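These notes concern the structure reproduced below.
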Amino acid sequence: MKLRKVTAASATVFALALTVTACGGGDSDNESSSGGGKDKITIGIKFDQPGLGQKTPQGYEGFDVDVATYVAKKLGYEENQIEWKESKSADRETMLQRGDVDFIAATYSITPERQEKVDFAGPYLLAHQDVLLRADDDKIKSPEDLNDARLCSVTGSTSAQNVKEKLAPKAQLQNYPTYSACLTGLQNGAIDALTTDDSILAGYASQSQFKGKFKLGGFKMTNENYGIGVKKGSDLKDKINKALEAMVADGSWDTAVKENFGPANYKNEPAPKIGDIKS
């Protein structure tokens with residue numbers, strides 16, 4: 001009799017243990033599902049580029065953010081299911097290879113060197129290296145006019161060096177820590193021109209405090225094919241390409257360009273065709 005009572009009690013305890021374990025396993029599965037991207041998608045963007053990818057007190061904004069949000073929706077994710085991660089230029093390939101993000105839209109130019117490490121959807125924007133000038137400057141009308149001019153770019157950037165080596169060997173290079181610092185120097189006359197991608201320049205110039213103070217040179221010194229980076233071999237590449245085609249077809253791409261770059265009178269190229277990479 002005593003044996004039967006112990007066995008019954010043990011059975012009850014065992015059954016309860018199974019129930020608790022099953023419940024615990026369910027929670028673990030849910031967490032795994034979320035981490036695997038079923039309940040959210042993780043996207044890399046820049047946090048400090050006005051007009052392209054910027055973190056603000058209200059959230060995230062810019063052309064890259066609009067493109068990424070549109071793509072995410074086509075992939076089945078609403079805005080509240082997007083987790084944004086800062087993707088600095090030097091970290092992008094590593095973030096994709098480690099799986100820290102599902103894809104990256106962060107002024108990410110497609111180059112042969114990068115294509116060896118990651119795959120790219122797109123391109124979704126054709127930008128060019130250009131210069132930003134004061135709105136009342138009528139002396140600099142071509143890259144050659146940058147000779148003897150004080151030319152600014154951020155420390156570590158190759159943009160200003162490219163101009164000096166290929167177009168204006170007498171340009172006086174000025175390295176500032178940030179583009180914002182260059183803009184301040186341009187505004188107060190400490191420098192004559194700021195150089196980087198025209199899309200980045202347009203984004204900065206479109207800020208309300210700079211409205212009407214700057215203009216783009218329109219020199220188109222290089223081609224910068226912005227793509228969306230994904231992990232090598234990812235099946236997301238084809239899905240993202242289809243989403244980008246839909247964004248162009250329904251007019252959302254044009255709307256995003258005007259809303260983010262319009263105040264700078266940015267003369268953008270038409271939306272590029274998928275796979276058409278300009279050298």
Highest to lowest packing among 111-121, 59-69, scored as the average C-beta count within 10 Å = 59-69, 111-121
Coarse-grained scattering of segment 120-223 at q = 0.17, 0.18, 0.19, 0.24 Å⁻¹, given as base-10 log I(q)/I(0) from a Debye sum over alpha-carbon atoms = -0.70, -0.78, -0.87, -1.39
Looking only at segment 87-131, which residues have a backbone nitrogen under 13 Å from a spot 7 Å from the Cα of D48 in the C-beta direction?
-> 87-91
Using alpha-carbon coordinates alone, the radius of gyration and Dmax of the chain in Å work out to 25.2, 106
For a label point 7 Å along the Cα-to-beta-carbon line of K73, residues of segment 237-278 with backbone N under 19 Å | 239-261
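Let me know the charge dipole size of segment 149-216 about its Cα centre in debye, to the nearest 20, where only the beta-carbon of Lys, Arg (+1) and Asp, Glu (-1) is charged.
180 debye
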Take every Cα pair under 8 Å in the chain that's 6+ residues apart, average their separations, divide by the length, and report that relative contact order as a whole percent.
-> 24 percent
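So what is the calculated 222 nm ellipticity per residue for the chain, using -39500 (n - 2.57) for each DSSP H run with n of 4 or more, over all residues, to the nearest 500 deg cm²/dmol?
-12000 deg cm²/dmol
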What FRET efficiency comes out for the pair N80/K273, r = Cβ-Cβ distance, R0 = 25 Å, nearest 0.05?
-> 0.20
Which values, in whole Å and largest first, are the semi-axes of the equivalent ellipsoid of segment 196-279 obtained as the square root of 5 times each eigenvalue of the Cα gyration tensor?
-> 27, 15, 12
In degrees from 0 to 90, rounded to the nearest 10, what is the angle of the helix 2-35 Cα long axis to the longest principal axis of the chain?
-> 10 degrees
Most fluctuating of Q174, Q58, Q209 in the GNM of the chain (C-alpha, under 10 Å) is Q58
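What accessible area per residue comes out for segment 67-106, rounded to a whole number of Å², with a 1.4 Å probe? Don't skip to the answer; put the middle values down first.
Details: 2000 Å² over 40 residues.
For segment 67-106, the solvent-accessible area averages 50 Å² per residue.
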How much length, in nm to one decimal, is gained on full extension between K55 and A190, taken as 0.36 nm per residue of separation minus their Cα-Cα distance?
-> 45.8 nm
Figure the gain on full extension for S89 and K242 (residue separation times 0.36 nm, minus the Cα-Cα span) and round it to one decimal in nm.
-> 52.5 nm
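Quote to one decimal, in nm, the extra length available between D254 and T111 on full extension: 0.36 nm per residue of separation minus the C-alpha distance between them.
49.0 nm is the gain from fully extending D254 to T111.
Could you work out the relative contact order of segment 101-173? I mean the mean sequence separation of Cα pairs under 8 Å and 6+ apart, divided by the number of residues, in percent.
Across segment 101-173, relative contact order equals 24 percent.
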Averaged per residue, the 1.4 Å probe accessible area of segment 174-222, protein heavy atoms only, in Å², is roughly 40 Å²
Estimated dipole of the chain in Debye, rounded to 20 [Cβ of Lys and Arg +1, of Asp and Glu -1, Cα centre] = 680 debye
Cα-Cα P(r), segment 175-243, percent of pairs per 5 Å interval = 3, 13, 21, 17, 12, 10, 10, 9, 5, 1
Report ³J(HN,Hα) in whole Hz for each residue of segment 53-70, in order, from the Karplus equation J = 6.51 cos²θ - 1.76 cosθ + 1.60 where θ = phi - 60°; Gly and Pro get x.
-> x, 9, 8, 10, x, 8, x, 10, 8, x, 5, 4, 5, 5, 5, 5, 5, 4
Output the relative contact order of segment 62-124, whole-number percent, from Cα pairs under 8 angstrom with separation of 6+ residues.
-> 30 percent
All lysines inside 18 Å of K117 as judged from Cα atoms, apart from same-chain residues fewer than 8 positions distant | K88, K231, K232, K237
Could you check how much of the accessible area of the chain is carbon and sulfur, as a whole percent, using a 1.4 Å probe?
-> 49 percent
Given charges at Cβ of Lys, Arg, Asp, Glu: segment 131-279 dipole, positive-most of I274, P177, S159 = P177
Which peptide among 92-99, 158-165, 129-136 comes first, and what is the full order, when sorted by highest mean count of other Cβ atoms within 10 Å?
-> 129-136, 158-165, 92-99
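The values are calculated or read from the model by the stated rules, or taken from the named source; none is laboratory data. Because the structure is predicted, anything quoted here is derived from the model rather than measured. Counting neighbours? That spans all protein chains shown, and the Cβs are built from the backbone with ideal geometry, glycine included. Areas reflect the complete protein model, heavy atoms only, side chains present, ligands, DNA and RNA absent. Shrake-Rupley method; radii C 1.70, N 1.55, O 1.52, S 1.80 Å.
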